[in-house]
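One structure is given here, and the rest of the page talks about it.
The values are calculated or read from the model by the stated rules, or taken from the named source; none is laboratory data. This structure is a prediction, so every number in the text was calculated from the model and none was measured. So basically every Cβ, Gly included, is an ideal-geometry build from the backbone, and we count neighbours across all protein chains shown. Note: areas computed on protein heavy atoms with side chains; ligands, DNA, RNA excluded. Shrake-Rupley method; radii C 1.70, N 1.55, O 1.52, S 1.80 Å.
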Amino acid sequence: MSVQEASMRRVTAIRNGTVIDHVPAGKSLSVLKMLGLDGSLSNPVSLVMNVPSQKMGGKDIIKVEDRELTQVELDRLALVAPEASVSIIRAYSVAEKLDINLTDEVVNVARCTFSNCITINPREPLPHRLVLTNRDPLELRCRYCGKTQDVEALVDNLL
């Protein structure tokens, strides 16, 4: 193993679970919050922040043991780290790679962050629709009120 490989392998391999790689540097704490991994569960979580990356400059890596992400969680992850790669690990090997698809409209993943939006009113049971207006930097607008969404605040408004 070269010196570069040794420095890159900062976290040990996991037997079973999920590896989320290519998370933008500094966004891993938002990903953990979004996935409900706040330390109250018994699943061990390994987190490496600001690892050098040729593709991104810097990245974060998250390893969650004994847990596989659901499609709902992948949809949420698209709001925080749309370019991330997700691998399901079984018996120390990559069993499958999951796709994160940030679609042109995100439906029923998060509520609008504008407190006066019609979707906040419980008497108006509308689906929560956020329209993708820009991929880089990520920009979403509410389909109903047209307000640009604070992506960080969306983590607190997940359905």
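Conditions (1) touching a residue at least 12 places away in the same chain (Cβ under 8 Å); (2) surrounded by 13 or more Cβ atoms within 10 Å (Cβ to Cβ); (3) of a type outside the set (Asp, Glu), marked per residue:
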| site | (1), (2), (3) |
| --- | --- |
| 88 | yes, yes, yes |
| 93 | no, no, yes |
| 106 | yes, yes, yes |
| 110 | yes, yes, yes |
| 116 | yes, no, yes |
| 122 | no, no, yes |
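From 110, 91, 13, which residue is on the phi > 0 side of the Ramachandran plot and of a type outside the set (Ser, Thr, Tyr)?
Criteria check complete, one pass: 91.
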Task: The listed residue being within 14 Å of the chain's Cα centre (by Cα) and surrounded by 18 or more Cβ atoms within 10 Å (Cβ to Cβ), out of 130, 140, 154, 74 - done: 154
- [ ] Could you please give the count of residues in the range 119-146 that are within 18 Å of residue 101 (Cα to Cα) and among the acidic types (Asp, Glu)?
- [x] 2
Open item on the list: If the requirement is being modelled with pLDDT of 90 or more, in contact with a Leu (Cβ under 9 Å, 6 or more places away or on another chain), of a type in the set (D, E, K, R) and surrounded by 11 or more Cβ atoms within 10 Å (Cβ to Cβ), which of these qualifies: 66, 21, 60?
Closed with: 60
- [ ] Look through 126, 138, 130, 102 and report the one residue that is in contact with a Ser or Thr (Cβ under 9 Å, 6 or more places away or on another chain) and of a type outside the set (Gly, Ala, Ser).
- [x] 126
TODO: Return only the number of the condition from (1) under 21 Å from residue 14 (Cβ atoms); (2) among the hydrophobic types (A, V, I, L, M, F, W, C); (3) at pLDDT below 90; (4) under 15 Å from the mean Cα position of the chain (by Cα) that residue 84 does not satisfy.
DONE: (3)
TODO: Hey, can you tell me all the residues within the range 26-46 that are in a loop (DSSP other than H, G, I, E, B), open to solvent by 50 Å² or more (accessible area, probe 1.4 Å) and either under 22 Å from residue 156 (Cα atoms) or modelled with pLDDT of 85 or more (or both)?
DONE: 27, 38, 39, 40, 41, 44
Task: Test for residue 101: is it in a strand (DSSP E or B) and open to solvent by 50 Å² or more (accessible area, probe 1.4 Å) - done: no
TODO: Give just the number: which of (1) assigned to a loop (DSSP other than H, G, I, E, B); (2) touching a helix residue (DSSP H, G or I) at 6+ places or on another chain (Cβ under 6 Å); (3) under 14 Å from residue 31 (Cα atoms) does residue 112 not satisfy?
DONE: (3)
